[in-house]
Every structure is written in C-alpha cells, then in structure tokens.
1. For A:LEU182, work out the one condition from (1) more than 10 Å from chain B (Cβ to nearest Cβ); (2) closer than 20 Å to B:VAL193 by Cβ it doesn't fulfil.
2. What about B:VAL154, is it closer than 30 Å to B:SER23 by Cα, touching a helix residue (DSSP H, G or I) at 6+ places or on another chain (Cβ under 9 Å), at pLDDT 95 or above and of a type in the set (Val, Ile, Thr)?
3. Tell me which residues, restricted to the stretch B:145-157, are touching a residue at least 24 places away in the same chain (Cβ under 8 Å) and more than 22 Å from the chain's Cα centre (by Cα).
4. Any chance the stretch A:166-174 includes a residue that's modelled with pLDDT of 95 or more, farther than 25 Å from B:VAL201 by Cα and either outside the structural domain of A:ALA92 (by TED's automatic domain parsing) or surrounded by fewer than 18 Cβ atoms within 10 Å (Cβ to Cβ) (or both)?
5. Can you go through B:LEU99, B:LEU89, B:LEU105, B:LEU71 and tell me which one is modelled with pLDDT under 95 and surrounded by 20 or more Cβ atoms within 10 Å (Cβ to Cβ)?
6. Among residues belonging to the stretch B:97-116 that are within 9 Å of another protein chain (Cβ to nearest Cβ) and of a type in the set (A, V, I, L, M, F, W, C), point out the one that is nearest to A:ALA98 (Cα to Cα).
7. Which of the residues that make up the stretch B:30-47 are assigned to a helix (DSSP H, G or I) and touching a residue at least 24 places away in the same chain (Cβ under 8 Å)?
8. Among the residues of the stretch A:117-133, count how many are surrounded by 16 or more Cβ atoms within 10 Å (Cβ to Cβ) and under 30 Å from B:SER23 (Cα atoms).
Number of protein chains: 2
Amino acid sequence: MPQGIKVPTPTLERLATYFTVLSDMRTRHVDTISSADIEERTGINAAQFRKDLSYFGEFGRPGIGYKVDDLYARIGRILKLEKTQPVILVGAGNLGSALVGYPALRAENFQIVAAFDNNYNKIGKQLWDLTIHDISSIIEENGSLGAKIAIIAVPAQAAQDVAEMLVKAGIKNILNFAPAVLRLPPDVIVRNVDFVQELAVLSFHLPAN
Amino acid sequence: MPQGIKVPTPTLERLATYFTVLSDMRTRHVDTISSADIEERTGINAAQFRKDLSYFGEFGRPGIGYKVDDLYARIGRILKLEKTQPVILVGAGNLGSALVGYPALRAENFQIVAAFDNNYNKIGKQLWDLTIHDISSIIEENGSLGAKIAIIAVPAQAAQDVAEMLVKAGIKNILNFAPAVLRLPPDVIVRNVDFVQELAVLSFHLPAN
C-alpha cells in the first residue's frame, strides 16, 4: 500500500468479505475468478471490487480475471491474516464460550489464546482447552502472551472497566460484544458487535400492525 | 414519520444506540438529558443526534433538553420495540445457545420463541427453556408462531438453504451470523454479523512486525 493513503473502513470490511469468498473458492478448487463472479457471490458490484483493490496496487489481468490463490494470499497479507493472530477473551460466559468454540475464527487464523473473568466461581476452571484466568492478572499474563487484539464478552456495566484494563495491558484493538459504548484513547480501535442494535434495525422495517 | 421519507440505515443504527443509552439512564433514574450528554456517552456528535431525530418530528425543548422517559418511549415506538417481538432461531449450536441465554435481547423486548436445527441428535432436546424443532417443520411451526424476524446461527455452508426456508415460512427480516453472503429476494432484509470480518478489520490496523 502506498504510504500515507488512508484506506476507508468500508473498503476493509469488503476486503474481509472477499477473503471469506476466496477462502470458500479455494476449498472448492476454483482456479480463477472475475469481478463479475465476486459481484454475483457478494452483491458488491464489480466496479466497487476493483476500486477496493486499487488501494493496494495492481491485481488481476484484463480478460483473464484473478487467480484465486494469488488474490487470497495478497488480501490475507493486507489484512495481516497470513499467520496466526493471538486473541485474548474477557468474559467466560455463554457468549465467550461460543466464541472460543467458533470454528470460523481459527479457520481464518485467529486463535483465542487466553480467557479471563472476574467471577471466582469461574477462575481456574476450563473453557474448552483454556484455563480461565483472573482478570486482575491480565497485564502480567499479556506480558508473556503478547496479544494485540482482545474480545470483550462481559455484561454492559463491566465493559468500560475491562476495556481500560486491556489498554493498560497493551491492547489497542478491541472487538466489543457488550451493548455499551466504550470511551477510550483515540489510538484504540474498537469494533462493536451489538446483536440488539441489529435486531432493532430489522424491527424498524417490520410492517406496522 | 412523514410518509415517503426513507430513513438512512446509519440513522437507524444510531437510534438503536440512543435507545440503549436511554434504557441505561432510565435504570439510573436520570430525568432529563441534553444532546451534549448523548455526545459524551456515545461519541456521536450532538448535531448528528438532533438530525437523526428530525426524521421523526419534534423532540425536546431548547435549553431544557429531552425527557428521558419520553425519548425512550418515542424511539421505542419508532423501532417497534414497545412490545415483545417474537424471534425464531435456526441453529442450536454453541452460538445459538448463547443467543437464547443472552439477557440483553429480552431486556429490549426480543424473545426467541422457537429453536430449529437439522441435527437429529439435537431435535427434541432442550435449549434452555425451548425444545429444539426439526428445521423441516419451520413453515408449519411459524404458521402458528407468526414470527417475522429470524436469527441464522448455522455453519456457512448451510446458511443459504436455511435462509430460503425462512423466506418460505414468511420471514423477511433476518439476522445472519453465518460467515456467508445470502442471496435472497430484494424485499428480504438481512443484517450480517460476521465476527471474523470484524477481527480482520482490527487485524489490518495492527502495527507491522
């Protein structure tokens, strides 16, 4: 990527979508794809796809299309998915457990390497193949783990405190599942996944009755 | 809302965020808020907040602000969250189980009323207080349930088939957790929650090493 060019977040989101599609095509031994194939598979139009790639240099060949393996590898490098990325989980409840057991995470090189909670009934117990650690030890633990991404899966009222602990532990990339708005330093990147918000948008579109 | 005005999706997403904040303020017995309070709590600037509300008429009073209860009730009506909304779940795995047990859903009036799966080892078993039904009975079952919103929490390769069954069962509002792009008729509204995509966007922002 040329220095100094800021890639828009929607472009990054679409790159992740292309990566998922390419991953699927690789498992089905598809060799080449066109931007029209991408449009058909994703609903993202072919011109948008080409524009998204154009931030990162030259891809594909006119009239031939894109080699699936090459494009997969290049997008993987852009998104830094080419090697396993350690991820910390805070919140060993039902959702946290589902995330540790979620096969698609590991398939795309994210590995939850440690789980933390503040509940003394959970600390020391197992969550799948992980031992649940005391959240108060996170700075020390992450000193050796070196994770740079964390997932927050705690109740809303605990999320801000947890996020601040994560920042102190050197983590500046947070995926937040708690239905809470986190206030953090500007260099911390937070992506929120709010199921209730998503359902509320669907609900708005329901017919009146 | 005036007839014929299309509300932008980001406005709807922000309305859901305001609703969450107002819900929290109500439990803390806050009486009145200003758009500056909203900005402080959400990071959404005060002018944007007022613009979002302006799609739906007059709110608040200059110099006084907004009554928390009134604003909560009005946004609830706009998003059709003022009464319990039945929701169907397809996929009784770890994620589906976490969703049924997720307290924030019920707190905002979404209730998962039925769970479906295609795995004969799961059908007939319990998922929390629900009995898991055979996915092939969904049209019949939803004839009596009348749910208009469904959640897909199945593996990617099963998601398209499930989505088509849901549409046949009369459901046109789908929250999709499967990392798959669904192709459905244009009157079906799909919201995708893709954990891996969110992690990939965070991963992009990691420092190179």
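The values are calculated or read from the model by the stated rules, or taken from the named source; none is laboratory data. The model shown is predicted, which means the values in this text are computed figures rather than measured ones. Here the Cβ is made from the backbone with ideal geometry for all residues, glycine too, and neighbour counts use every protein chain on show.
1. Only one criterion in (1) more than 10 Å from chain B (Cβ to nearest Cβ); (2) closer than 20 Å to B:VAL193 by Cβ is unmet by A:LEU182, namely (1).
2. no
3. none
4. No, the conditions are met nowhere in the stretch A:166-174.
5. After applying the criteria, what remains is B:LEU105.
6. Only one residue fits best here, namely B:ALA98.
7. Within the stretch B:30-47, the first condition is being assigned to a helix (DSSP H, G or I), and the residues that meet it are B:35-42, B:46-47.
Within the stretch B:30-47, B:SER35, B:ASP37, B:THR42 qualify.
8. 3
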